[in-house]
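Contents: one structure, followed by commentary.
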Amino acid sequence: MRSSSPSYTGTKPIRIILRAGIVAGILDALAAMMMVLVRGGNDPLVVWKYVASGAFGPDALTNGPSMIFWGLAFHFFIAFSFASLFYAIYPLLRRFIDNPTAMGLLYGIPVWVIMNLIVIPASHIKMAPFELSKVAIGMGILMVCVGLPIALIVSKNYSGKA
């Protein structure tokens, strides 16, 4: 465990948060669209209408391309929010976990919890029945595609490693 404060490399926090949010958002978006295709869906863009339905209700699923835009906007807002949160708590986390890879994979777990136990239930999205295999896949995707890139990008900023 490391008890000293992480060093700051001079990169502006907003740039680090934007970079981490963009990378995590893209990786998670690709994973979500791939899951639609793997599960037999024809149009991976339906993911974004589904995301938009969280705010606009079920009508978003039948509305036009504007719902795809809104779904992507909400998706990236959430990715930037998780990147911002991680950036804010990174110095505290660093006291307990010195490995950015482990830190990122572990961060994916509370991301899943927040999304599935707070954000989705508070939205208009109908909750799917609990299936352990789907939970494991969803949590794994968030660990690898969201938590890991955010942690690696933020830790690079704090540690000064190239």
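Laboratory data are not the source of any read-out in this text; all were calculated from the coordinates shown. Values in this document were obtained by computation on a predicted structure and should not be read as measured data. Heads up, the Cβs are rebuilt from the backbone with ideal geometry, glycines too, and the neighbour counts pull from every protein chain shown.
Some notes on this structure:
- Residue in the stretch 55-69 that is more than 14 Å from residue 20 (Cβ to Cβ), assigned to a helix (DSSP H, G or I), free of Cβ contacts under 8 Å to residues at least 12 places away in the same chain and under 18 Å from the mean Cα position of the chain (by Cα) present: no
- The stretch 21-65: number of residues that are among the small types (Gly, Ala, Ser) and over 19 Å from residue 149 (Cα atoms): 9
- Only one entry in 79, 83 is touching a residue at least 24 places away in the same chain (Cβ under 8 Å), closer than 15 Å to residue 115 by Cα, touching an Asp or Glu at 6+ places or on another chain (Cβ under 7 Å) and buried (at least 20 other Cβ atoms within 10 Å of the Cβ), namely 79.
- Flag for residue 89 being among the β-branched types (Val, Ile, Thr) and either surrounded by 15 or more Cβ atoms within 10 Å (Cβ to Cβ) or touching a Leu at 6+ places or on another chain (Cβ under 6 Å) (or both): no
- Residues located in the stretch 110-162, provided they are part of a helix (DSSP H, G or I) and among the charged types (D, E, K, R): 134, 156
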